[in-house]
Structure formats: structure tokens, C-alpha cells
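The values are calculated or read from the model by the stated rules, or taken from the named source; none is laboratory data. None of the values given here were measured: they were computed from a predicted structure. Every residue, glycine as well, gets a Cβ built from its backbone with ideal geometry; the counts of neighbours run over all protein chains shown. The area values use the complete protein model at the heavy-atom level, side chains included, leaving out ligands, DNA and RNA. Shrake-Rupley method; radii C 1.70, N 1.55, O 1.52, S 1.80 Å.
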Amino acid sequence: MIVETVIAILATFVSAFWIMVPAYVANAGAVPFGGGTPVDFGKCAKDGRRYLGDGKTWRGLIGGIFVGVLFGLLQIFLATTFHWDWLPQQTIVTITALATGALLGDMVKSYFKRRSGKGRGEKWPIADMYDLVAGSLILLVICAWPWVMEYITIWVFIAILIWTPLLHRGANIIGYLIGIKQVPW
Ligand code: CTP
Ligand code: K
Ligand code: MG
């Protein structure tokens, strides 16, 4: 009974992580690719502040989606080759939606961050982490609703909410230490 419960909880956490790999990788992947032309082309909104700011670039966007999808393809390859049938089965549609949604959510976050007067890279605690979760899951719901119903139970969703701050913190510290991120958050 206890053993079964522990296994179920572990499986929930592993499944949640497995689902979110393309989104987490896209979000982290944008950092080393970043630079060059900003997505908003340097333009300002009526409030005089940038639409998105220099932290959202085309290279970061395209590069991040690319590595997110690449890792998703690796997941599909591994799961089919080794018959990891107990894991959520990623598809081309789900990995693309997750990677793209993560960075779209990140840009929507930056839009509102600029409107609230916060500068590029400034701390905005909850939004800076859950932007990618909201973006990726909303796009996933739009593109693959039956898949979401099959794999994302309320418990998997809660596990995603727990994983995200842990990985976000870890990834940002690593990025800062290896010098590709200006601040450790
Ligand atoms: N990045 C990018 N393009 C994106 C997302 C991220 O080039 N679409 C790069 C930028 O170099 C950015 C870094 O990854 O500075 C870290 O991403 P993030 O924390 O999302 O951006 P911030 O610099 O914090 O900017 P903002 O305040 O707008 O969130
Ligand atoms: K981000
Ligand atoms: Mg940031």
C-alpha cells in the first residue's frame, strides 16, 4: 500500500517533468542563442517604454524553440525505441506546442512587465517562472486537447507547479555561473 503510493507519486513527478521537457529546454535554450535584433525591433509603446525589451530577441526565440523541439524529438525516439509506455507519449504536435508556447508566454510576460515599469532582467518573482508554464500549457490545450485530458491530471499539474521553481532556480544559477546569464534569477 505504502510502496504503491510512493511509486504513484514518483511516477506523477517523472511524468510532469517528461511533459515539460520541451518547454523547460526552450526557455533555457533561448539564453545562449539570445542576442541580435529584438522581437519588438526596438520600438516603444505609447507609455514610452519598450514593447518587450532587449531581453526578447529573434535569435533567442527561434533558437529556443529549435532546441526545445530537438529535445522533444529525442524524447519521442527514446520512448518508442525503449518502449517507455508508462510515460506520457510526446508527439510532434505536443513538443512543438510546448516549446513555442513557453517562449510565447515568456514574451507576453515581458510585455506586461514593461507596462508595469520593470526593466529588462529585473526580478518579477511569480511571473518570471510561471510564464512558461502558462504559455506552454495554454498552447497545448489549444493544439492537443485530447492529449491533455489523457495525461495532465490534477496531480501532474500540481507536480508541474512544484518542478518549475526548483528547475528555474537551478537553471538560472547554472547560467549565471557559466556566464551566459547576467543575474542568477
Ligand atoms: N532571450 C532571448 N530571446 C527570448 C528569450 C530570452 O534572447 N525570446 C535571452 C536574452 O538574452 C535574455 C535571456 O535570454 O536576456 C534571459 O531570458 P529572460 O530571463 O526571459 O529575459 P530577461 O532578460 O529577464 O528580460 P525580461 O525582463 O523581459 O524578462
Ligand atoms: K523566462
Ligand atoms: Mg529574466
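Summary of computed values
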{"item": "Tally, over region 48-72, of residues that are closer than 19 Å to residue 143 by Cβ and touching a helix residue (DSSP H, G or I) at 6+ places or on another chain (Cβ under 7 Å)", "result": "7"}
{"item": "Pick from region 1-40, criterion of a type in the set (Gly, Ala, Ser) and farther than 25 Å from residue 141 by Cα, ranking: nearest to ligand 2 (Cβ to nearest atom)", "result": "34"}
{"item": "Flag if residue 137 is within 12 Å of ligand 2 (Cβ to nearest atom) and either within 16 Å of residue 101 (Cβ to Cβ) or assigned to a helix (DSSP H, G or I) (or both)", "result": "no"}
{"item": "The lone exception for residue 92 - which of (1) closer than 19 Å to residue 22 by Cα; (2) of a type outside the set (Lys, Arg); (3) modelled with pLDDT under 95; (4) exposed (fewer than 15 other Cβ atoms within 10 Å of the Cβ) it fails", "result": "(3)"}
{"item": "Residue count for region 39-65, restricted to those that are surrounded by fewer than 20 Cβ atoms within 10 Å (Cβ to Cβ) and either part of a strand (DSSP E or B) or among the aromatic types (Phe, Trp, Tyr) (or both)", "result": "4"}
{"item": "Matching entry among 48, 105, 53, 64 (being closer than 15 Å to residue 21 by Cβ and of a type in the set (Gly, Ala, Ser))", "result": "64"}
{"item": "Some residue of region 97-105 being within 16 Å of ligand 2 (Cβ to nearest atom) and touching an Asp or Glu at 6+ places or on another chain (Cβ under 6 Å)", "result": "yes"}
{"item": "Evaluation of residue 174 against (1) farther than 20 Å from residue 35 by Cβ; (2) in a helix (DSSP H, G or I); (3) free of Cβ contacts under 8 Å to residues at least 12 places away in the same chain; (4) not polar (S, T, N, Q) (one fails), failing number", "result": "(1)"}
{"item": "Count - residues of region 140-154 that are assigned to a helix (DSSP H, G or I) and loosely packed, with under 15 Cβ neighbours inside 10 Å", "result": "6"}
{"item": "Members of region 145-169 that are within 23 Å of residue 181 (Cβ to Cβ) and more than 16 Å from the chain's Cα centre (by Cα)", "result": "none"}
{"item": "Residues (in contact with a Ser or Thr (Cβ under 9 Å, 6 or more places away or on another chain) and either surrounded by fewer than 23 Cβ atoms within 10 Å (Cβ to Cβ) or hydrophobic (A, V, I, L, M, F, W, C) (or both)) located in region 16-38", "result": "19, 20, 23, 26, 30, 33, 34, 35, 36, 37, 38"}
{"item": "Of residues in region 117-134 being open to solvent by less than 60 Å² (accessible area, probe 1.4 Å) and in a loop (DSSP other than H, G, I, E, B), the one nearest to residue 34 (Cα to Cα)", "result": "121"}
